[in-house]
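Working notes, structure below.
The values are calculated or read from the model by the stated rules, or taken from the named source; none is laboratory data. What you see is a predicted model, and the numbers here were worked out from it, not measured in a lab. Cβ placement follows ideal geometry from the backbone for every residue including glycine, while neighbour counts extend to all protein chains displayed.
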Amino acid sequence: MGRRILMLPGDHIGGEIVAEADKVLRAVDRCFGLGLDLDYGLIGGAALDVEGVPLPDSTLASARQSDAILLGAVGGPQWDGVARELRPERGLLKIRSELGLFGNLRPALLYPQLAGASSLKPEIVAGLDLLIVRELTGGIYFGEPRGVRTLENGEREGFNTDVYRESEIQRIAHLAFRLARQRDRRLCSVDKANVLEVTALWREVLESIAPSYPDVELTHLYVDNAAMQLVMAPKQFDVIVTGNLFGDILSDAAAMLTGSIGMLPSASLNEAGFGLYEPCHGSAPDISGQGRANPLATILSVAMMMRYTLAEPAVAIAIEAAVGQVLDAGLRTADICAQGQTAITTEAMGDAVVAALSQHSSTR
Ligand code: NAD
Ligand code: IPM
Ligand code: MN
């Protein structure tokens, strides 16, 4: 039986980077005999333009029938003026929510070849390997009530609600503890428990679960301090677990430690282990259509798909090794170029990974 992968390129550089991931999927399919079937669907602004909504029912139905999803990115300035519920980003939020993809894994791993590309000194980031576990279907992103209302004096007021149920905190905490167990067994929970009740409950729930994982060390940091520690001494972290909004912000910061946001992949998992895989970055309208986008975060998301949903760890390792080999050869898109290096295009980077993969599998 074939395994169905739903490809959702989305907007702007989404199409460019997913095209390269497509090549990699087809290459590993050939080399490892995976029996993959790639289907394409619409999401984001691309869906809004054609179907009038950012997540058409047909896309959601295909998603439910697929074994895994690969997504590029959504959004762009041309949709800034549309009603909030029709924004491209709402399509992404809806698919995450509809499929129950509560566990967002964002690994920030520094490829040693890129130590010079980081905005921090090489000695601060050398050997960096941390995992941010972001809660993805709750918190202030989804809390009700939300909106903009007009007060009696005519002034408008915007409001959102940060809310987490104990059960939501428990399931992301268990996921993070389990992942910490497979790594260095250190879990840092990030909250704002000194100010926000919702995160005081978060901390309490984390503490209540810790005794079930006596082999994992649990620590807590307030998010402001965590942001500071992340850029001061990032190697102190193994696994970070946090809510939706803090996780969004901290993962972009962590991305830069690895050289570029174009290097950070992600997996968004539901309770059954089904996953949507996507780079952490956005649709980069400022560089779209120029062949300048780094496809490696998307290609590394394919590796995560192989590891977490398709149970093909050897394929994941092969893709990650191919990326390492390409970096060893000095190939760089513009975002990870050091001084004096010449940038290659998105397409050339994808081709180089495929070439390295073919070499790997022929010497297997
Ligand atoms: P962005 O991540 O798209 O871009 C931020 C900066 O990083 C830009 O300078 C961009 O050129 C650069 N960059 C991003 N990805 C890159 C890559 N692969 N290679 C090289 N450089 C890269 O964030 P933004 O500009 O704040 O947002 C643009 C649009 O993307 C918005 O509509 C936003 O809502 C959306 N967005 C979508 C997602 C997603 O689909 N998961 C994530 C973040 C932002
Ligand atoms: C991300 C993005 C999304 C988020 C947006 C586009 C809804 O920034 O995947 O990090 O905030 O979750
Ligand atoms: Mn983000």
Say whether the condition of being within 16 Å of ligand 1 (Cβ to nearest atom) and modelled with pLDDT of 95 or more is met by at least one residue in the range 31-38.
no
Of the residues I319, I336, which single one is surrounded by 16 or more Cβ atoms within 10 Å (Cβ to Cβ), closer than 21 Å to I5 by Cα, in contact (Cβ under 8 Å) with a residue 12 or more places away in the chain and among the aliphatic types (A, V, I, L, M)?
I319
So in the range 261-281, with the set limited to residues that are in contact with a Lys or Arg (Cβ under 9 Å, 6 or more places away or on another chain) and within 13 Å of L136 (Cα to Cα), which one is nearest to ligand 2 (Cβ to nearest atom)?
C280
Scanning for something touching a Leu at 6+ places or on another chain (Cβ under 7 Å), within 30 Å of G330 (Cβ to Cβ) and buried (at least 16 other Cβ atoms within 10 Å of the Cβ), does the range 88-105 turn up at least one residue?
yes
Residue satisfying all of: in the range 244-260; under 30 Å from R165 (Cβ atoms) and touching a strand residue (DSSP E or B) at 6+ places or on another chain (Cβ under 8 Å); nearest to ligand 2 (Cβ to nearest atom) among these:
D248
Mind counting the residues in the range 217-254 that are in a strand (DSSP E or B) and of a type outside the set (A, V, I, L, M)?
5
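Matching residues to (1) within 16 Å of ligand 1 (Cβ to nearest atom); (2) exposed (fewer than 10 other Cβ atoms within 10 Å of the Cβ); (3) at pLDDT below 95; (4) not assigned by TED's automatic domain parsing to the domain that holds K94:
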{"position": "T137", "(1), (2), (3), (4)": "yes, no, no, yes"}
{"position": "P145", "(1), (2), (3), (4)": "no, yes, no, yes"}
{"position": "L151", "(1), (2), (3), (4)": "no, yes, no, yes"}
{"position": "E157", "(1), (2), (3), (4)": "no, yes, no, yes"}
{"position": "Y164", "(1), (2), (3), (4)": "no, no, no, yes"}
{"position": "F177", "(1), (2), (3), (4)": "no, no, no, yes"}
Sort through A73, A19 and tell me the only one that's buried (at least 21 other Cβ atoms within 10 Å of the Cβ) and under 25 Å from Q290 (Cβ atoms).
A73
Modelled with pLDDT under 95, over 30 Å from Y40 (Cβ atoms) and within 15 Å of ligand 3 (Cβ to nearest atom) - does that describe any residue in the range 226-245?
no
Note on the range 1-33: residues without any contact (Cβ under 8 Å) to a residue 24 or more places away in the chain and on the phi > 0 side of the Ramachandran plot are G33
Where residues in the range 258-267 are more than 10 Å from ligand 1 (Cβ to nearest atom) and at pLDDT 95 or above, which of them is nearest to L130 (Cα to Cα)?
P265
State which residue pairs qualify: first residue without any contact (Cβ under 8 Å) to a residue 40 or more places away in the chain and inside the range 255-284, second residue assigned to a loop (DSSP other than H, G, I, E, B) and away from ligand 2 (no atom under 14 Å from the Cβ) in any location, beta carbons under 8 Å apart, and separation of 6 or more residues or different chains.
G273/T309
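Listed here are the residues, each with its yes/no results for (1) within 11 Å of ligand 1 (Cβ to nearest atom); (2) outside any helix (DSSP H, G or I); (3) more than 22 Å from Q182 (Cβ to Cβ); (4) touching a Gly at 6+ places or on another chain (Cβ under 8 Å).
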position: M256; (1), (2), (3), (4): yes, no, yes, no
position: L276; (1), (2), (3), (4): yes, yes, no, no
position: Q290; (1), (2), (3), (4): yes, yes, yes, no
position: M306; (1), (2), (3), (4): no, no, no, no
position: V315; (1), (2), (3), (4): no, no, no, no
position: L331; (1), (2), (3), (4): no, yes, yes, no
position: I344; (1), (2), (3), (4): no, yes, yes, no
position: M349; (1), (2), (3), (4): yes, no, yes, no
